[in-house]
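Colleague: Pasting in a structure now, in structure tokens, and then I'll have a few things to ask.
Laboratory data are not the source of any read-out in this text; all were calculated from the coordinates shown. Worth saying up front: this structure is predicted, and the values here are computed from it rather than measured. Using ideal geometry, Cβ is built from the backbone for each residue, glycine included, and neighbour counts are taken over all protein chains shown.
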Amino acid sequence: MKKLIYLDNAATTKTAPEVVEAMLPYFTEYYGNPSSVYEFAGKSKQAVDAARKTIADSLGAKPEEIYFTAGGSESDNWALKATAEAYASKGKHIITSKIEHHAILHTCEYLEKRGFEITYLDVDENGVVKLDELEKAIRPDTILISVMFANNEIGTIQPIEEIGAIAKEHGILFHTDAVQAFGQLPINVDVCHIDMLSASGHKLNGPKGIGFLYIRKGVKIRSFVHGGAQERKRRAGTENVPGIVGLGKAVERAMSSMEERTAKERETRDYLIERVLTEIPYCRLNGDRTRRLPNNANFSFQFLEGESLLIMLDMKGICGSSGSACTSGSLDPSHVLMAIGLPHEIAHGSLRLTLNEEITKEDMDYVVESLKEIIDKLRSMSPLYEDFIKKQK
Ligand SMILES: *Cc1c(COP(=O)(O)O)cnc(C)c1O
């Protein structure tokens with residue numbers, strides 16, 4: 001097979017072999033519907049219960065506070081739409097940040113069209129939400145604060161404990177999109193005063209199409225999918241048993257290996273950052289240097305287009321992601337890079353590389369050498385770069 005260095009783990013991860021292995025019997029052997037009464041179906045129900053407990057334990061939550069969904073997007077939609085509806089009589093104001101995932105931002109736009117008012121908090125130059133702005137944004141009719149645990153593009157980790165404390169002090173519900181953080185950072189819902197938390201299987205070496213929403217006991221939230229009585233009547237539909245089993249296994253795996261795995265990733269990632277910043281001119285690291293997910297690196301290279309860089313990296317077997325939203329057919333640079341104050345031309349030359357524990361320093365050496373070669377080539381074709389160099393002389 002062609003060389004493959006997969007550095008897009010923020011987009012999705014490889015399903016771990018032991019996860020696949022744990023799932024298989026629930027397709028072919030124990031395929032019963034967990035709602036059925038006979039003993040055979042009990043096997044499926046037990047497996048769902050066990051996964052629910054593993055997940056609850058990993059967050060310091062209770063099993064009955066974990067609701068399985070089809071992934072991060074559904075969890076985010078549910079958390080926002082269903083609390084907005086349930087608390088609308090109390091108020092119609094929601095606070096979020098400018099750098100949320102589109103699953104949050106587009107849901108907020110949907111709610112705005114239905115009479116809700118949303119405050120989008122600014123972030124500082126590293127992508128950290130400003131707590132004093134949060135305090136100032138709170139109003140008597142604020143019903144929900146939703147701020148992501150860690151950003152999917154630049155890896156910045158938010159002061160979640162402080163945000164949770166502010167929400168609690170004002171009696172406002174607090175939701176966090178922890179899709180990127182869950183499995184990479186230790187999270188305790190009580191310590192951080194989290195009322196709702198979204199997570200997704202495929203971001204932590206679990207299967208795609210399964211995730212969960214943690215909903216603290218006592219939070220009024222409407223059911224999102226209407227139908228049967230599954231998930232304590234809050235999310236109908238026959239349980240995705242193999243997916244749930246796989247998610248449970250992925251969480252077990254992520255929690256037991258967290259320290260060692262993230263230490264390795266951090267070391268390899270720092271090696272990459274160090275080499276890129278010292279060996280490639282006119283480049284910068286986006287996001288906070290230390291308050292950052294262990295596997296995330298995000299660079300901007302002046303005088304080039306991220307998209308061209310991606311295509312040339314792909315020819316060398318390197319999978320990365322660009323900071324612009326070109327994949328969605330739009331030429332606008334990423335809203336996250338705009339929010340941290342990057343000018344358009346710099347945001348356009350961005351590259352996100354997100355590691356996993358299998359990536360080695362040798363892989364990084366190959367990436368850096370490839371980057372140097374490609375960037376030299378792209379810049380040599382750039383009239384902007386030519387002008388810039390002429391002016392330097
Ligand atoms: C990937 C991602 C999502 C969406 O999760 P899916 O399971 O793909 O729907 C939401 N939020 C963040 C921060 C993500 O990285």
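Colleague: List every residue whose amide H lies under 5 Å from the amide H of S350, counting only residues 5 or more places away in sequence or on a different chain, with H placed 1.01 Å from N in the peptide plane.
Modeller: Those qualifying (amide H under 5 Å, at least 5 residues apart or on another chain) are F301, G306, G323, S324.
Colleague: What does the highest-first list of 159-171, 54-66 look like by mean Cβ count within 10 Å? Intermediate results must be reported in sequence, preceding the final value.
Modeller: Details: 159-171: 17.2, 54-66: 18.8.
Result, highest mean first: 54-66, 159-171.
Colleague: What are the residues whose amide H is under 5 Å from the amide H of G211, where those residues sit 5 or more places off or on another chain and H is modelled from the backbone?
Modeller: When sequence neighbours closer than 5 places are left aside, the close amide H contacts are T69, A70, G71, G201.
Colleague: What share of the DSSP beta bridges in the stretch 23-146 is antiparallel, in percent to the nearest 5?
Modeller: Roughly 10 percent of the beta bridges in the stretch 23-146 run antiparallel, per DSSP.
Colleague: Let me ask something else about it. Taking the alpha-carbon distance from K361 and a cut-off under 13 Å, which aspartates and glutamates remain once sequence neighbours fewer than 8 residues away in the same chain are dropped?
Modeller: E265, E267, D270, E274, E369
Colleague: If you project the alpha carbons of the stretch 124-279 onto the principal axes, what extent comes out on each, in Å, largest first?
Modeller: The Cα atoms of the stretch 124-279 stretch 58, 45, 22 Å along the principal axes, largest first.
Colleague: Take the Cα of I280, step 7 Å along the line toward its Cβ, and report every residue of the stretch 356-382 whose backbone nitrogen sits under 13 Å from that point.
Modeller: Under cut-off, by backbone N: 364-379.
Colleague: Based on the inverse mean of 1/r over its pairs of different Cα atoms, what is the Kirkwood hydrodynamic radius of the stretch 144-188, in Å?
Modeller: The answer is 10.8 Å.
Colleague: Ranking request for peptides 119-130, 375-386, 285-296: highest mean number of other beta-carbon atoms within 10 Å first, then the rest in descending order.
Modeller: Packing order, densest peptide first, comes out as 285-296, 119-130, 375-386.
Colleague: Calculate, axis by axis, the spread of Cα positions in the stretch 29-111 along the three principal axes, and write the results as whole Å, longest axis first.
Modeller: 48, 25, 22
Colleague: Placing unit charges on C-beta atoms (Lys and Arg positive, Asp and Glu negative, everything else neutral), compute the dipole magnitude of the chain about its Cα centre in debye, rounded to 20.
Modeller: 740 debye
Colleague: I would also like to ask the following. Using the crude model of +1 on Lys and Arg Cβ and -1 on Asp and Glu Cβ, and no other charge, please compute the dipole size for the stretch 171-307 relative to its Cα centre, in debye to 20.
Modeller: 680 debye
Colleague: What are the principal axis extents of the Cα atoms in the stretch 241-393, in Å, biggest first?
Modeller: Result, largest extent first: 60, 33, 31 Å.
Colleague: Taking the Cα centre of the stretch 264-358 as the origin and placing charges on Cβ (Lys, Arg +1; Asp, Glu -1), which of P294, I280, M312 is farthest toward the positive end of the dipole?
Modeller: The residue sitting most towards the positive pole is P294.
Colleague: A further question on this structure: If you take every DSSP beta bridge whose two residues both sit in the chain, what share of them, in percent to the nearest 5, is antiparallel?
Modeller: Once the DSSP bridges in the chain are tallied, antiparallel ones form about 55 percent.
Colleague: Specify, per residue and in Å³, the volume enclosed by the convex hull of the alpha carbon atoms belonging to the stretch 17-254.
Modeller: 111 Å³
Colleague: If you don't mind, another one. What value does the stretch 57-101 have for Rg/Rh, both radii from Cα atoms and Rh as Kirkwood defines it?
Modeller: 1.03
Colleague: What lysines could a cross-link reach from K390, if we take a straight Cα to Cα line under 18 Å and drop same-chain neighbours fewer than 8 places away?
Modeller: Within reach: K377.
Colleague: Using a basic spin-label model with each label point 7 Å from the Cα along Cα→Cβ, how many nm lie between K113 and A86?
Modeller: Rounded to a tenth, the inter-label distance reads 2.5 nm.
Colleague: On a straight-distance basis, which lysines could pair with K92 in a cross-link, Cα separation under 30 angstrom, same-chain partners fewer than 8 positions away excluded?
Modeller: Reachable lysines: K62, K81, K113, K130, K136, K168, K217, K220, K233.
Colleague: Using the Cα centre as the reference, give the magnitude of the dipole from point charges on the C-beta atoms of the stretch 273-380 (Lys, Arg: +1; Asp, Glu: -1; all else neutral), rounded to the nearest 20 debye.
Modeller: Using Cβ point charges on Lys, Arg, Asp and Glu, the stretch 273-380 gives about 320 debye.
Colleague: Give the shape of the stretch 75-150 as rounded, prolate or oblate, defined through the alpha-carbon gyration tensor: a ≥ b ≥ c are the square roots of its eigenvalues, a/c under 1.5 means rounded, and otherwise the shape is prolate if a/b is larger than b/c and oblate if not.
Modeller: Since a/c reaches 1.5 but b/c is at least a/b, the shape of the stretch 75-150 is classed as oblate.
Colleague: Test of understanding: express the Cα radius of gyration of the stretch 1-148 as a ratio to 2.2 N^0.38 Å, with N the residue count.
Modeller: For the stretch 1-148, the normalised Cα radius of gyration comes out at 1.39.
Colleague: Now a separate question. Quick one: which of 299-309, 41-51 comes out on top by average Cβ neighbours within 10 Å, and what's the full order, highest first?
Modeller: Ranked from most to least packed, the peptides come out as 299-309, 41-51.
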